[in-house]
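Read the structure below first, then the notes.
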Amino acid sequence: MTTPKKPKAHPEDAAKAVFRMTTRKPADLVVSTSQLLENVNKHPQYLNTPAMQQAVTTMSSITATLATQDTDIQTARTGLVALLAARQLTTHSFMRARRSLLAGGGTKSQQAPLPCSMSGASAPRRLTRS
């Protein structure tokens with residue numbers, strides 16, 4: 001029996017650059033890409049290769065945009081947390097005012113019974129989270 005021959009490695013295959021990403025978090029992408037681009041700029045052939053210069057310029061622009069978007073998203077998240085907290089306080093105030101309204105607010109002789117249902121409409125249902 002003969003064993004199959006291994007294919008010969010081509011020199012151009014051995015010279016291919018690899019840019020592996022271990023994570024896809026935007027902040028990590030920005031950091032690792034910036035480090036890579038710094039190393040590419042130090043390469044002796046960088047100044048003589050317009051295609052490499054164009055690729056570095058494009059990647060630098062995209063990386064800067066990604067960093068800006070990530071910052072904007074973090075700012076929006078912080079604002080959203082503040083809005084949710086404000087809404088919770090408002091809801092709490094509403095519930096307190098509702099209890100005061102249902103309690104009647106005056107002496108027993110001044111209190112009139114509150115209507116139990118709306119005229120011609122069905123009673124409101126209690127909302128539950130699903």
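The values are calculated or read from the model by the stated rules, or taken from the named source; none is laboratory data. Just so it is clear, the model here is predicted, and its values are computed rather than measured. Cβ sites come from the backbone with ideal geometry, for glycine too, and all protein chains shown count toward neighbours.
Overview of values
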read-out	value
Boolean, L102 is surrounded by 10 or more Cβ atoms within 10 Å (Cβ to Cβ), of a type outside the set (D, E, K, R) and modelled with pLDDT of 90 or more	no
Residue count, the stretch 17-60 (criterion: of a type in the set (S, T, Y), in contact with a helix residue (DSSP H, G or I) (Cβ under 7 Å, 6 or more places away or on another chain) and over 27 Å from D72 (Cα atoms))	1
